[in-house]
Amino acid sequence: MNHNLAIHGGRPVRARPFGPTHDFGEDDVAAVGDVIRSGNVGRGPVVDRFEAAFAERHGVEWAVTVNSGTSAMHTCIGAINPDPGDEIIVTPWTSGGSIIGALLHNCVPVFADIDETYTLDPSDVEAKITPRTRAIIAVHLFGNACDMTALREVADRHGIFLVEDCCQAHLAEHQGRIVGSIGDIAGFSFGGKHLSAGMGGAVLTSNRALWERAVLFRDAALPRGNGPLEGMPYANYFLAPNYKINDILAALLLNQLGKLDGYVENKARSASNIIEGLSHAAEITPQAVRPGDRHSYWNLGFTIDTGALRCTANDFADAVSAEGVPMAGPYVGSGDVGPLYRNAFLAGPDLYGKTRFPLDYQRERPVDYRQVTCPNGEAIMGRGVSLIMQPSYTEDDVADMIQATRKVADAARDGALAPANS
Ligand SMILES: Cc1ncc(COP(=O)(O)O)c(C=O)c1O
């Protein structure tokens, strides 16, 4: 049967590119221009204003800006101040940025399994807790909130910290509560996510001790004259990096913050229309959202029935992309590589220099990520595909995405993507 798939030389559903990722306009240029014209381009009052506005939008006491989501997650760990070899529980399905900071802090990531929401399964988290566990990192993958009610209970029962990774989940909600306000401390990325300045990040907390340590941690533990801990004697108090941002970046973030609610509403509307448009394709199942939660759709994730469609998730995504609708295959570190624990930085022979430190620190046997498995995660990730959601999508854009995905699904069902000898 001729399905005319673009990947086989047929005519693509869409030839036009999609619109811009964000609404960057003259208002943004003016905000940044004001800072430059002021002559004070370092860390100053605009950073303070953005931090206050970002904290207020989330109903938390404090925001601490940093230069990326990776450094935000590191600052969360730095604020908690674990000992070398302490364990941090995390999901296998996330960006390396969720745990790079934990590793730089000489902690040991421990992987717990996920469920069809693509987020941590609280019962497996509890099963992975040991006397060395210091924290859970709850990653709201693609913008879908973790089961924060259950994770909060687990964390409280065991006296450990609950850290939120909100890098992909700006303005998502769990049971009416905005993410970033539920854990003890939370990290955000502004590197191309809903709120974006192309780089940057922030930490949120209402815990004064964690806030004070986070403020110091993001700036070499050196209290500056113009910073929130003004008055402390000027000295390096503990080992910490320099992750701070300046007023130029903060001016762009502050102006974009005014557009964030609109961005998230547009993404959610497009996502719900695409889900509706694909609802008759029985082989395509959207990421499950808990009743009462609000997904904020950095990405719209699906699992496909690779048996019925007779192709891999990567092949499916490549065929949709060839139709002019960019679709990703299994996310970060999956597909050919596998979940995060199969990535070379964890599964390879070395971590620091030619050593396995801290994976062997005060342990009879070093942690060996080649032996780790999260069966549900591997099964779900192996079938995962996703569409990036942009606030600029029009009804025509959404219609093209539905048409391209349906066209490929119809063809795949008939074996158009099946290996030649199957
Ligand atoms: C879940 C998650 N955590 C952390 C990060 C790291 O953020 P950044 O790229 O800003 O360092 C990302 C980035 O994609 C992410 O998706």
Inset, instruction - Would you check if there is a residue in segment 93-106 being in contact (Cβ under 8 Å) with a residue 60 or more places away in the chain and away from the ligand (no atom under 15 Å from the Cβ)? - result: yes
Inset, instruction - Go through the residues of segment 323-338 one by one and say whether even a single one is part of a helix (DSSP H, G or I), modelled with pLDDT under 95, small (Gly, Ala, Ser) and surrounded by 21 or more Cβ atoms within 10 Å (Cβ to Cβ). - result: no
Legend entry - Extreme residue, farthest from Leu162 (Cα to Cα), among residues of segment 64-112 that are crowded, with 23+ Cβ neighbours inside 10 Å and polar (S, T, N, Q): Thr65
Inset, instruction - Determine whether Leu151 is modelled with pLDDT of 95 or more, within 11 Å of the ligand (Cβ to nearest atom) and of a type in the set (A, V, I, L, M). - result: no
Legend entry - Cβ pairs under 8 Å, 6+ apart, first in segment 151-169 and outside the structural domain of Ser181 (by TED's automatic domain parsing), second assigned to a loop (DSSP other than H, G, I, E, B): none
Legend entry - Number of the condition not met by Ala31 [criteria: (1) closer than 27 Å to Tyr263 by Cα; (2) modelled with pLDDT under 95; (3) not charged (D, E, K, R)]: (2)
Inset, instruction - Read through the list (1) within 13 Å of the ligand (Cβ to nearest atom); (2) in contact with a helix residue (DSSP H, G or I) (Cβ under 7 Å, 6 or more places away or on another chain); (3) of a type outside the set (Asp, Glu), then give the number of the only condition that Phe217 fails. - result: (1)
Inset, instruction - Take the residues in segment 378-422 that are in a loop (DSSP other than H, G, I, E, B) and under 13 Å from Ala317 (Cα atoms), then tell me which one is modelled with the highest pLDDT. - result: Leu417
Inset, instruction - Would you check if there is a residue in segment 41-50 being assigned to a helix (DSSP H, G or I), farther than 23 Å from Glu395 by Cα and touching a Ser or Thr at 6+ places or on another chain (Cβ under 8 Å)? - result: yes
Legend entry - Within segment 154-179, tally of residues that are within 13 Å of the ligand (Cβ to nearest atom) and assigned to a loop (DSSP other than H, G, I, E, B): 7
Inset, instruction - Please specify each residue of segment 349-400 satisfying the condition of being outside the structural domain of Pro17 (by TED's automatic domain parsing), touching a residue at least 12 places away in the same chain (Cβ under 8 Å) and of a type in the set (Phe, Trp, Tyr). - result: Phe357, Tyr361, Tyr369
Inset, instruction - Would you check which residues across segment 253-265 are surrounded by fewer than 24 Cβ atoms within 10 Å (Cβ to Cβ) and closer than 15 Å to Arg43 by Cβ and list them? - result: Leu254
Legend entry - Every pair of residues 6+ apart whose Cβ atoms lie under 8 Å, when the first sits in segment 201-212 and is at negative phi and away from the ligand (no atom under 16 Å from the Cβ) while the second is among the basic types (Lys, Arg) and not in a strand (DSSP E or B): none
Inset, instruction - Please name all residue pairs, on different chains or six or more residues apart, with Cβ atoms under 9 Å, provided the first residue is in segment 270-298 and is closer than 22 Å to Gly19 by Cα and the second residue is charged (D, E, K, R) and within 16 Å of the ligand (Cβ to nearest atom). - result: Ser296/Lys267; Tyr297/Lys267; Trp298/Lys193; Trp298/Lys267
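The values are calculated or read from the model by the stated rules, or taken from the named source; none is laboratory data. The shown structure was predicted, so the numbers you read here are calculated from the model rather than taken from an experiment. So basically every Cβ, Gly included, is an ideal-geometry build from the backbone, and we count neighbours across all protein chains shown.
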